[in-house]
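Encoded as structure tokens, the structure appears first; notes follow it.
No value in this document is a laboratory result; all are computed from the given coordinates. Remember, predicted model here, so these are calculated numbers, not experimental data. Neighbour counts are summed over all protein chains in view; Cβ atoms, including those assigned to glycine, are modelled from backbone coordinates with ideal geometry.
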Amino acid sequence: MVKPAIKNPLKHLRAADIRGIAQLATQATTGVTHIAEGVHQSVWNTLGVPGGKAPGQARGITGLVYQSIRRVTQLLGQGVDTLLDRLQPMLESAEDARPGTPEREAVLAALNGVMGDRLLQSNNPLATRMTLRYRGEALNWEFPLSMPQATGKVLLLIHGLCMNDLQWHAQHKGQVVDHGEALASSLGYTPVYLRYNSGLHTSQNGHQLSTMLEQLVSHWPVPIEDITVVAHSMGGLLTRSAFHYAKEEGLRWPAYLKNIVFLGTPHHGAPLERAGNWVDVILGSTPYTAPFAKLGHLRSAGITDLRYGHVLDVDWQGHDRFHRKPDSRQFLPLPEGVACYAVAATLAPKRGALADRLIGDGLVPLHSALGQHDDPQRSLVFAKTSQWIAYRTGHVALLSSPDVTRQMVQWLTPGRA
């Protein structure tokens with residue numbers, strides 16, 4: 001019997017990745033120490049033994065031990081980070097021409113979705129920078145790429161939480177499905193893909209995307225006729241946010257935006273994040289479990305925005321995002337003057353009250369994807385002909401569905417919508 005070759009996962013790593021992983025290891029050790037000290041002090045509290053200066057902090061010899069562990073961990077972490085920082089330029093010189101593998105990019109996208117805000121705050125090299133990408137390369141208007149086949153019809157594809165631009169290239173029953181390439185072939189669009197840190201607040205990404213689209217309008221190699229957006233999941237919230245801030249700032253690019261196709265967008269939130277918020281409440285309800293609530297607080301701002309579908313700064317600024325409270329976001333209607341289409345998915349074979357609310361596509365309820373709300377004044381108004389439901393289809397499967405491609409071609413073909 002021939003033994004299968006052992007795949008080496010290290011081949012996907014770069015020098016900056018090693019440095020980023022080392023930083024995460026330091027932060028994880030420090031975090032676990034905080035949790036252990038919190039549990040330890042909770043036990044002491046029940047025996048009447050006072051704690052340290054801060055809540056959850058031990059005192060005396062016990063406190064000194066935990067403090068020593070944190071200090072040693074931080075010193076070692078700083079030493080390793082300094083060494084890798086010096087070595088990184090030399091190690092990366094041989095990597096400059098090598099693109100990231102799909103496996104590496106998938107792991108980074110997931111990591112950024114889960115804790116991308118923390119990665120950015122700590123200047124971790126694993127944090128993803130927002131870029132517009134054409135044929136796999138980031139657009140840099142100071143050193144523009146050769147784009148001889150660019151047309152005036154720009155198709156912007158925006159991925160969802162924990163995903164990246166490479167995942168628009170998918171497979172269905174052994175056949176390649178790429179919505180961007182299909183729309184380019186059928187309707188003459190030039191696909192441009194957004195890559196972003198999905199762990200940041202949606203509105204933070206919205207501001208940044210708006211700025212980037214203004215630059216695209218200024219530097220696109222041919223006069224732009226129209227911009228069409230195809231957005232999956234969180235990408236739809238990001239699109240609405242960017243449009244709002246662009247109009248508020250009087251930017252030019254919204255005038256070119258003709259169509260938005262939302263694929264499984266949680267316009268009114270997703271139940272899984274609301275369940276996660278309940279876990280925060282439960283863990284924080286007793287002194288013994290309260291220290292473990294810090295684990296739940298690791299999840300990113302992007303994830304907590306999905307509780308109700310936040311798209312604006314005002315939805316989260318000045319609030320404790322882990323505190324349980326009712327939906328108080330500012331209502332934002334669909335972009336005015338733009339043709340908006342909603343594709344929703346359900347794992348069920350047909351519609352029903354239970355399937356619509358509890359099943360949906362496995363992550364997003366049908367009503368949320370269609371913009372419907374129990375309060376009619378908060379519902380997003382999609383025309384009946386601009387709604388389409390994919391049955392027996394999961395959330396991620398929307399990216400690999402030939403039926404979704406056909407529906408988008410029908411909607412976006414002039415005179416056929």
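Put a dot 7 Å past the Cα of Gln149, heading toward its Cβ, do the same for Gln121, and the two dots end up 4.4 nm apart. Of the residues Tyr196, Tyr308, Tyr134, Tyr256, the one with the fewest other Cβ atoms within 10 Å heads the list, and the complete ranking is Tyr134, Tyr256, Tyr308, Tyr196. For Arg104 and Arg252, a Förster radius of 41 Å and the Cβ-Cβ distance give a FRET efficiency of 0.70, rounded to the nearest 0.05. Cβ crowding within 10 Å ranks Val176, Val114, Val261, Val192 as Val176, Val114, Val192, Val261, fewest other Cβ atoms first. A simple count of charges around Trp253, restricted to other residues whose Cβ falls under 12 Å of its Cβ and scoring Lys, Arg +1 and Asp, Glu -1, yields 0. With 22 Å as the limit, write out which pairs from Lys325/Lys350; Lys153/Lys258; Lys258/Lys384 have Cα-Cα distances beyond it, or answer none. As for pairs spanning more than 22 Å Cα to Cα, those are Lys325/Lys350. Label-to-label distance, Glu336 versus Arg129, with points set 7 angstrom from Cα along the beta-carbon direction: 3.7 nm. Around the amide H of His172, modelled in the peptide plane, lie the amide H atoms of Val177, all under 5 Å away and 5 or more residues distant in sequence or on another chain.
Shown is the FRET efficiency for Arg378 and Phe322, computed with R0 = 35 Å from the Cβ-Cβ distance and rounded to the nearest 0.05: 0.90.
For Gly188, neighbours were defined as the other residues whose beta-carbon sits under 12 Å from its Cβ, and their charges (Lys and Arg +1, Asp and Glu -1) total -1.
Spin-label pair Arg392-Leu187: with each label point 7 Å from Cα along the Cα-Cβ axis, the two points sit 2.7 nm from one another. The order of Ile389, Ile260, going from fewest to most other C-beta atoms within 10 Å of their C-beta, is Ile389, Ile260.
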